[in-house]
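A short write-up of the structure that comes next.
The values are calculated or read from the model by the stated rules, or taken from the named source; none is laboratory data. This is a predicted model, so every value here is computed, not measured. Glycine also receives a Cβ, built like all others from the backbone with ideal geometry; neighbour counts cover every protein chain displayed.
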Amino acid sequence: MPPPDGSNDAMSLKYQGTFVRAARDCKVINGQLVMKIGVQGRIIVGPAGGPGQVEVPLRLAVVDQSPAGTKTILTKLVQIPVAVTNDDTGAVFTHIEDNFAFPLPSSAELDNYLVYIGFDPIGAQEEDRARSRPAVRSKPKPKPKPNLSAPTG
């Protein structure tokens, strides 16, 4: 995972994440395709890193990659807490997403569907910023004033 400032200086690397394994299990339940997605990965400490807690921003996505274009069907960002120790072996993490569900497409459409897993530090930063912003409340609309010159009757 690159430094948040976007620099590529190798000495500023705190942690590097890799995926070791991924698996999925699909079932059709009540017209929904329900996936169970399992991911195993590893965090390695870089020159600027050290022991402590790391939040791994894992993005899961199902995409329809048809000849007509690419369309996101379902996406989810999950923050996985990983405890990194002081040794050089790194830390292993796992995540299992049980109910990754969407409407069952036709079998022809399903051939174009792909499952992606990846690290999404930018999405995690945007989500953090959105959470830290104060809630914006819209002002209530003023009630219309009665038209006193309108005919009654």
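With the requirement that a residue be of a type in the set (S, T, Y) and modelled with pLDDT of 85 or more, what does segment 105-152 give you?
Within segment 105-152, S106, S107, Y113, Y116 meet the criteria.
If K71 satisfies every condition in (1) closer than 17 Å to Q16 by Cα; (2) part of a strand (DSSP E or B) but one, which is the exception?
K71 satisfies every listed condition except (1).
Determine the pairs where a residue that is of a type in the set (G, A, S) and modelled with pLDDT under 90, located within segment 3-16, has a partner that is part of a helix (DSSP H, G or I) and surrounded by 15 or more Cβ atoms within 10 Å (Cβ to Cβ) with Cβ atoms under 8 Å apart, the partner being 6 or more residues away or on another chain.
Close Cβ pairs (under 8 Å, with a partner that is part of a helix (DSSP H, G or I) and surrounded by 15 or more Cβ atoms within 10 Å (Cβ to Cβ)) do not exist here.
Of the conditions (1) surrounded by 16 or more Cβ atoms within 10 Å (Cβ to Cβ); (2) modelled with pLDDT under 95; (3) in a strand (DSSP E or B), N99 clears all except one; give me its number.
The single condition N99 does not satisfy is (1).
Under 6 Å between Cβ atoms, at least 6 apart or on separate chains: pull out the pairs that start in segment 114-131 with a residue that is under 9 Å from A61 (Cα atoms) and end on any residue that is crowded, with 16+ Cβ neighbours inside 10 Å and not basic (K, R).
Note: pairs meeting the criteria are L114/V63; V115/V62; Y116/A61; I117/V39; I117/L60.
Filter segment 30-56 for residues that are touching a residue at least 60 places away in the same chain (Cβ under 8 Å), hydrophobic (A, V, I, L, M, F, W, C) and either farther than 18 Å from Y113 by Cα or in contact with a His (Cβ under 6 Å, 6 or more places away or on another chain) (or both) and give the result.
V39, V56
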